[in-house]
1. Identify, from the list 352, 333, 358, 284, the residue that is hydroxyl-bearing (Ser, Thr, Tyr), closer than 16 Å to residue 247 by Cα and part of a strand (DSSP E or B).
2. Pairs, please: C-beta under 8 Å, at least 6 apart or cross-chain, first residue within 15 Å of residue 216 (Cβ to Cβ) and in region 172-188, second part of a loop (DSSP other than H, G, I, E, B) and of a type in the set (Lys, Arg)?
3. Within region 214-260, count every residue that is over 23 Å from residue 357 (Cα atoms) and among the charged types (D, E, K, R).
4. Being surrounded by fewer than 18 Cβ atoms within 10 Å (Cβ to Cβ) and more than 20 Å from the chain's Cα centre (by Cα) is the filter here; which residues of region 173-191 pass it?
5. Can we say residue 260 is among the hydroxyl-bearing types (Ser, Thr, Tyr) and under 16 Å from residue 376 (Cα atoms)?
6. Give the residue, chosen from 183, 172, 151, that is charged (D, E, K, R) and within 30 Å of residue 238 (Cβ to Cβ).
7. In region 231-249, is there at least one residue being under 22 Å from residue 378 (Cα atoms) and outside any loop (DSSP other than H, G, I, E, B)?
8. Which numbered condition in (1) crowded, with 16+ Cβ neighbours inside 10 Å; (2) under 23 Å from the mean Cα position of the chain (by Cα) is the only one that residue 209 fails?
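The values are calculated or read from the model by the stated rules, or taken from the named source; none is laboratory data. A quick note: this is a predicted structure, and the numbers were derived from the prediction, not measured. Don't worry about glycine lacking a Cβ; one is built from the backbone with ideal geometry, like all the others, and counts go over all protein chains shown.
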Amino acid sequence: MNDELTPDERAALRSRILGGARDIKPAGAHRNAWIAGSIAAVLVVAIAGGVVATSTLSAPQIAETPTPTPVTTETVPPSPTPPPTSVPTPAATAVTAVGRAPFGDSCDNVLTSEQLAAATGHPMYDVTFIRHDTRATVRGGVFCAWVSSDERWAATVNVAVLPSTESLPAPESDQFATEGCDENGRCTLTRVEDGVRVWVQVWAKLTTQSPDVTATRSSTLLDQIFARAGDYPAGVTATPTSAWWSPWDCVDVTSWIDPTVSGYDTATSVTAEPDTAKADGACTITLSRPTSTWDAQVWLVPGGAVGLDQMVAAADRSTPVTVSGAVEAYSVTVLAKVDDGGASFLWVSDGTNLLVVTPSSLEEPDVAIQLAEQLLARL
């Protein structure tokens, strides 16, 4: 906030930010560009101790005389122990097994509200959604998204941070594909420093600022992100194991589903369209009967069970559910504060991986559970 504001003005602006956020409703490709899954990080600390040895020497024996002679004791300093030639670092190996997001897996640590407002000319509200399925975490990265809270869709900021050895998954790979500023004034910049690659995308209404101004401010955001990166542990890419699920073929998934379990007649599974897919390898599964259809997008996050507790805590609403074959499962709602009710997801974990089911309708919630149980039985 502007330091020149009075306390009353600051309170009014804060109220405006929170109130405006409730009116935001992502639509079309804008919403899909952010949707998918947040949150989680594992930190293991190893403590090594040294050994100190001491020894004592006794004084000479007491002389043979009726009068006792006082006994004296001399302490000999311990011999110096040479320092170890190397210090064990088991923490790095332990973290690598599951992955770790940078910036403490918090978009609040990536950019401040003041920095966002300076870049767009608007107070901004965090609408990050995609990080909640840990696709970024296993890549050692984080995704963030903000939208203007004072005026609907007056400005947007999107950020992706990954190790430079990692590539962006879908849909972010399409979202950040074209560097520079387009005819609509949306500017996308990327930079690599110290093994970290950052993508920044800023858009503000042309009536608010020109494309040249947006480009300059986008570059400033890159500077600010890298300046803050050193304050937090770096992201670590997870190491795949034999317990990770393998990618699936959406067409093959059709044979895994018995639609009659849910009262439907037929089932189809096809690869989700690029402009609607919420993750790599997402399948659109449709159950049909003469009177109605039910459909959902479904995808896997191999190794994605990391940080499931944090993911659940970050959801607007979450309820544990029973899914046969799962170690943990939750029905969750996210973006409820900015999307007129939010989006419903089913997160299912076998303890190592994550299965995500996102139905297009909130009706028949049991169908999502029944579908997840059939898919788990084949994974």
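1. After applying the criteria, what remains is 284.
2. 185/205
3. 4
4. 177, 178, 179, 180, 182, 183, 184, 191
5. no
6. Sole residue among the options that is charged (D, E, K, R) and within 30 Å of residue 238 (Cβ to Cβ): 172.
7. No: zero hits.
8. So the condition that residue 209 fails would be (2).
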